[in-house]
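Here's the structure, in structure tokens; my notes come after.
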Amino acid sequence: MSDNKNSAPEFYVGYLPLPRSHKRFLSALVSVLVIAMLSSGALIAAAQRNPGKTDQVSTQRATWSGTVYTDPYPMMIHDDGSIHLLIGIGKFGVKDRIAPFNGKHCQADGWALARTNRSAIQLDITPDAIRETSGPIRPAPTQTTQSNEQVELIGEIVDGKCFLGAMKPGDGKAHKACATLCIQGGLPPMFAVSNQSSTTQLPLVLVNGSPTLPQSVLELVGEPIKLTATRSTLGPIEILNVNPASIQRWSGQNP
Amino acid sequence: MMGSCVLYCGIDIMTPASIFLILLGMYFAVGTVIGLVFVIIGIRKIDPVAAGAPLRVRFIFLPGTISIWPIVLYLWRTKLKAGSSS
Amino acid sequence: MTVSYTWVQWNKHKKIYDLIMLALSLIFVATFILTSTLVYKDDEAISAMILAIRAFGILAIILLHIILCIGPLTRITPLMSPILYNRRHLGVMMFFAALIHAGLALLFYGAFGVRSPFAGLFDGYHAYTSISGFPFEIMGLFALLILFVMASTSHDFWLAFLTPCLWKSLHMLVYLAYAFVLLHVVFGALQSERHPALATALIAGAVTVFALHIVSGLKEFKPSLQAQEADAPWIDIGLVNDFPMDQGRVVCIANQERVAIFRHNDGISALSNVCAHQAGPLGEGRIVNGCVTCPWHGYQYHADNGQSPPPYTERIPTYELRIEGERVLLNPQPNPPGTPVTPAVRSSEPSSDEVGET
């Protein structure tokens, strides 16, 4: 080492023993980094937003029975009048799969997903996961519009699988691509309303009477938007008949 | 990454992003071919130290060749020329 | 340049370094996931896969900030040199954290749909002109591609093959990657994660990186020396006693590469300040075991010929020096790399014509 090593600071060489001053400094630095990693891990984790309450029981496979309909959204009407949406594995709907059972009483195997007043059954992939059985046929629910009053809502179009608990959170910017794929794949579009004052909760979306979104609306899935729509019901399910021309990106504060 | 070209089925909209992804997949595919030739044969003629390294060690240079193969090709040629002229 | 290549050029320090960094990374990931599951549990639990995507993404950003701060911090205090020593391994680790983040996001958000995962994730219906619709995923892909170029060319072979100058330029792309990462986060996660602590942390990180670069730049700044007409081309670089024994001094010459001056035994020698390995600042080094030693990775050169001791083969340019009286004069014209130059020594009796009083 240096001749005047007493006056000059110690010099580090990677393949030589660590000088004492560096050893002290590094011990302190590593301690600081450990504390930094622990605190940043905890603080950032705590700063995440709440993904919302869902009743996800997806680990329990179960069997349901009821009458199956394909339109406007694939669904099963149980004997007590309650409705489960029917959804598929991955980012796919099940309209084609259940088409042979339209209007028939069936049993379905799968996993339930639910959020607020909306619930769905994710059909198992096995071929006989949906099968015709004997039982009372419930009539197809009719869409009834109470008034033609236009409501203005702020929120985000989400897909009827992830937002019900398949992914948590199943909304927001990071999920935008996924929600778009899900809706393209035939999963029912929903509107996650963020107006605090609104009584509407998680209605399903129809544009021009169809659950298939036109590209102009698909582009805005997963983003904060403002829209006007007329409200109707399909049995216990709320439906928004959205006027596509009314949709615009929303960057303001939620009312 | 290199499989993006193959995986890229079901194009329904031809946007700049999709064109970029296809080009990227092709870039990595070409890089893989050039990289294999480079680490197995090419490297021996231009780097005496690397020439002494066993093949399994030289394979660690493969990802680098895949990522910057145009630069590798250029320097490879330059070094070969310099080697033959000296 | 090196004697032989191995997969990873580990030594004892590098192994300890890597183990500590790996442990720090695991501490972060574990703390993040554990806290998340404690804060949001049962019917409010965040999906495990999303926690993993977030944990590795944030880890990569934290490591990137550490990497960007190491350089300027080492310029501010040499005590940081051991952290600089193995920065490349940290870079590769950061790339893998980012790759895991990207891979999981591609799988979870992009796969199992009507389109390929790449198409689904990068080619959705985006709007480049809007903040909420801006395709943040493609920004992340750009950053990842740059990090891939850097991680894949981090082996010493690439330094030798590309030459240190080109290698260094390539690795300066890390700043571009950092810019893409910032865009990726600002137009992505921060659009829906609105807790002020998150945006504050990102801004604080960027400000720290920027400030450290400014401070270290100011610290490193030295006025350039120029030849006085009477002495041209020789430049007065100071008194003999300005140069401490066995320590380097950096001299800045107008419009030229910096020169490292070393006083060893009775003589003074001048070498290029640029290490042939990774362009480290030789003038901030020392004489160790009789050789000029680079402060970055310990590459060594003989002071009197700019050649690495055998079996190493690195060579750097040398410069002519002469001593007149107590003044040291430098010829700023570099010799070809490895040219032997006799160290300048004080003449037995000080010369009468003192030069270059400035």
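Every read-out reported here was derived from the displayed coordinates using simple, explicitly stated rules and does not represent laboratory data. What you see is a predicted model, and the numbers here were worked out from it, not measured in a lab. Using ideal geometry, Cβ is built from the backbone for each residue, glycine included, and neighbour counts are taken over all protein chains shown.
Given contacts defined as C-alpha pairs under 8 Å and at least six residues apart, what's the relative contact order of chain C, whole-number percent?
Normalised by residue count, the contact order of chain C is 12 percent.
For the stretch A:143-249, evaluate the Debye formula with one uniform point scatterer on each Cα (no solvent term) and list log10 I(q)/I(0) at q = 0.12, 0.16, 0.22 Å⁻¹, rounded to two decimals. Per q value, in the given order, log10 I(q)/I(0) is -0.34, -0.62, -1.22. Taking only the alpha carbons of the stretch A:69-215, we obtain Rg and Dmax values of 15.4, 45 Å in that order.
Its residue count N fixes a reference of 2.2 N^0.38 Å for the protein assembly as shown, and the Cα radius of gyration divided by that reference is 1.24. Quick one: go through the stretch A:173-209 and flag any residue whose amide nitrogen is under 18 Å from the point 7 Å out along the Cα-to-Cβ line of A:Thr233. The answer is A:198-206.
Unpartnered cysteines of chain C (Cβ-Cβ under 4.7 Å counts as a partner)? That list is C:Cys69, C:Cys165, C:Cys252, C:Cys291.
The convex hull built on the alpha-carbon positions of chain A has an orientation-averaged projected area of 21.6 nm².
Counting only other chain Cβ atoms within 10 Å of each residue's Cβ, the peptide C:11-22 averages 2.
The calculated Kirkwood hydrodynamic radius for the stretch A:26-148 is 17.3 Å, given to one decimal from all distinct C-alpha pairs. Across the alpha-carbon set of chain C, the Rg to Rh ratio works out to 1.09, Rh being the Kirkwood radius. Taken residue by residue and averaged, Cβ atoms of other chains lying within 10 Å of the Cβ of C:146-152 number 4. Among A:Asp55, A:Asp80, A:Asp109, the residue with the largest mean-square fluctuation in a Gaussian network model of chain A, with springs joining Cα atoms closer than 10 Å, is A:Asp80.
If R0 is taken as 30 Å, the Cβ-Cβ distance between C:Leu239 and C:Ala211 corresponds to a FRET efficiency of 0.25.
Annotation: the residues C:Met172, A:Met167, C:Met21, sorted from fewest to most other C-beta atoms within 10 Å of their own C-beta, follow the order C:Met172, C:Met21, A:Met167. Ordered by the number of other Cβ atoms lying within 10 Å of each residue's own Cβ, fewest first, C:Leu38, A:Leu38 fall into the sequence C:Leu38, A:Leu38.
Computed over the stretch C:22-67, the alpha-carbon pair-distance distribution with 10 angstrom bins reads 27, 51, 19, 3, each value a whole percent.
For chain A, the longest principal axis of the alpha carbon atoms and the long axis of helix A:20-46 meet at an angle near 10°. In the protein assembly as shown, a dipole from Cβ-located charges (positive for Lys and Arg, negative for Asp and Glu) runs towards its positive end, and of C:Phe187, B:Trp69, A:Thr54 it is A:Thr54 whose Cα lies farthest in that direction.
Backbone phi angles across the stretch A:77-87, fed through the Karplus curve with coefficients 6.51, -1.76 and 1.60 (θ = phi - 60°), yield HN-Hα couplings of 9, 7, 4, 8, x, 6, 10, 10, 6, 10, 10 Hz in residue order; Gly and Pro are listed as x.
The alpha-carbon of C:Lys14 sits under 26 angstrom from the alpha-carbons of these lysines, leaving out residues fewer than 8 places away in its chain: A:Lys5, A:Lys23, C:Lys168. So, in Å, what gap is there between the alpha-carbon centers of the stretch C:267-308 and the stretch C:136-170? So the two Cα centres are separated by 26 Å. Straight-distance candidates among the lysines for linking to B:Lys81, with alpha-carbon spacing under 21 Å and chain neighbours fewer than 8 residues away dropped: B:Lys45. By the beta-carbon count within 10 Å of each Cβ, the least crowded to most crowded order of B:Ile43, B:Ile71, fewest first, is B:Ile71, B:Ile43. What's the Cα-based Rg to Rh of the stretch C:223-320, Rh via Kirkwood? Rounded to two decimals, Rg over Rh is 0.97.
Using only DSSP helix segments of four residues or longer, with each worth -39500 (n - 2.57), what per-residue ellipticity at 222 nm results for chain C after dividing by its residue count and rounding to 500?
Value at 222 nm, helices only, nearest 500: -15000 deg cm²/dmol.
For a quick check, take a GNM of chain C with Cα springs below 10 Å and name the residue from C:Ala197, C:Ala303, C:Ala55 with the largest mean-square fluctuation. Result: C:Ala197 has the largest fluctuation of those listed. Here each label is just a point 7 Å from Cα along the line to Cβ, and for B:Val37 and A:Arg249 those points are 4.6 nm apart.
Note on C:Ala179 and A:Asn117: their simple-model spin labels are 5.1 nm apart, each label 7 Å out from Cα toward Cβ. Dipole magnitude for the stretch A:62-132: about 280 debye, using +1 per Lys or Arg Cβ and -1 per Asp or Glu Cβ, origin at the Cα centre. For the stretch C:141-294, the relative contact order works out to 16 percent when only alpha carbon pairs closer than 8 Å and six or more residues apart are counted.
Across the stretch A:62-132, the volume of the C-alpha convex hull divided among the residues equals 87 Å³ per residue. Roughly speaking, what % of Cα-Cα pairs in the stretch C:159-203 are separated by over 17 Å, rounded to a whole number? That tail contains 49 percent of the Cα-Cα pairs.
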